[in-house]
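Bear in mind these aren't lab numbers, they're just calculated from the coordinates by the rules spelled out. This one's a predicted model, so the numbers in the text were calculated from it and none came from an experiment. Positions of Cβ are backbone-derived with ideal geometry, glycine not excepted, and every protein chain shown enters the neighbour counts.
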Amino acid sequence: MTFGGMNYRSKHYLHSILILLSFLLLAYISNAQPNPVKGKLTGMVTDATTKLPVDFATVSIFKSRVTSPFNGISTDEKGNFVIDKLAEGESIVRLPNENH
C-alpha cells in the first residue's frame, strides 16, 4: 500500500527515525550543563599588629590540595582586593606573610 508516493513501511520507518532523533535532541538539551556559578571574593588585608591596611600584598587563591595558585591579585593602596569570576567550589586564600 502506498501513500503520497511512499509506501506505508517507508513512512513508518521515517516517522520512527524522527521520533528517535527528537528524543536524542531532548536528552542532549536536558543534560547540557549551565555555565558554572561565578563567585566574587572581596576583602582587605591588614597588618596583624598595627591593624593598618597592607598595600600591594599578593592574595593567592588555591584549589583544595593543589600547590599552585589558579588565581590571584595584589591589594590596592588601601589594602583592598576583589577577585571576580571564581568557579563554584572550595578555595583556599593565602597571603605571603603570616603577619598579615
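Sorting 47-56, 75-84 by their mean Cβ neighbour count within 10 Å, with the most densely packed peptide first, gives 75-84, 47-56.
Note on region 38-94: Kirkwood hydrodynamic radius from all Cα pairs is 11.9 Å, rounded to one decimal.
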